[in-house]
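Remarks on the structure that follows.
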Amino acid sequence: DAGVTQSPTHLIKTRGQQVTLRCSPISGHKSVSWYQQVLGQGPQFIFQYYEKEERGRGNFPDRFSARQFPNYSSELNVNALLLGDSALYLCASSLEGVRTEAFFGQGTRLTVV
Amino acid sequence: GIQVEQSPPDLILQEGANSTLRCNFSDSVNNLQWFHQNPWGQLINLFYIPSGTKQNGRLSATTVATERYSLLYISSSQTTDSGVYFCAVVRFSGGYNKLIFGAGTRLAVHP
């Protein structure tokens with residue numbers, strides 16, 4: 001079975017532009033979460049989606065938005081990019097429930113110049 | 001919110017040595033996972049261990065939930081063990097669960 005897949009793997013954008021990152025969860029997983037990892041730190045929670053609804057949001061500005069589709073894949077959108085948005089963006093999928101294991105994709109490395 | 005502290009922050013080993021990585025957390029948790037992040041950024045699942053002890057080859061982990069810590073043991077280390085090891089906890093709150101990561105332990109294994 002395929003794991004969590006993310007696209008693209010690398011991306012370079014200019015300040016002020018908008019970007020869309022994509023994630024396909026493991027088959028059968030209905031929950032998708034997004035994390036941002038800046039260099040030298042642990043990942044930080046951005047969003048969790050389940051059954052196309054936003055379940056939770058981390059401490060990120062409104063420039064960050066996401067959605068989940070009927071096939072449970074997800075997109076993360078970031079508007080008005082800042083240099084500080086340069087990071088590795090990770091997508092995780094899991095079954096619903098508290099005591100469930102999360103699995104991560106390989107990430108999208110975004111560089112804002 | 002919950003604080004997750006990992007120690008040591010950096011670790012250098014000779015191939016074949018053993019090591020213990022520690023994860024302390026500040027409140028009760030519903031879930032705990034250990035990950036290995038490879039040089040390409042992929043987070044690889046090592047253990048899903050909210051409590052108890054598990055072993056997988058040269059790696060084992062123990063979580064003592066009542067005392068709010070978890071340990072990851074690496075025996076007979078190999079150069080391929082190099083990378084960053086993250087501990088992440090989950091506290092279900094507000095209708096959703098999110099992973100809260102520590103800052104990681106950066107391991108370098110030399111031949």
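FYI, it's all coordinate maths here, none of it is from the lab. Keep in mind that what you see is a predicted model, and the values were worked out from it rather than measured. Positions of Cβ are generated from backbone atoms using ideal geometry, with glycine treated the same way; all protein chains shown enter the neighbour counts.
In a Gaussian network model over chain B where Cα atoms closer than 10 Å are linked, find which of B:F92, B:F25, B:F35 has the largest mean-square fluctuation. Result: B:F92 has the largest fluctuation of those listed. The stretch between A:L11 and A:N71 holds 19.1 nm of extra length on full extension. This uses 0.36 nm per residue minus the Cα-Cα distance. Please identify, among B:A61, B:A88, B:A17, the residue showing maximal mean-square fluctuation in a Gaussian network model of chain B using a 10 angstrom Cα cutoff. Top of the fluctuation ranking is B:A17.
How would you classify the protein assembly as shown from its alpha-carbon gyration tensor, with a ≥ b ≥ c the square roots of the eigenvalues: rounded for a/c under 1.5, else prolate if a/b is greater than b/c, otherwise oblate? Prolate. A simple spin-label model places pseudo-atoms 7 Å from Cα toward Cβ; at A:E101 and B:T80 they are separated by 1.9 nm. Counted by neighbouring Cβ atoms within 10 Å, the residues A:V4, B:V109 run from fewest to most as B:V109, A:V4. Charge dipole (Cα centre; +1 on Lys/Arg Cβ, -1 on Asp/Glu Cβ; no other charges) of the stretch B:4-110 amounts to roughly 220 debye. Maximal additional length on extending the B:W40-B:R68 stretch stands at 7.0 nm, based on 0.36 nm per residue less the C-alpha distance.
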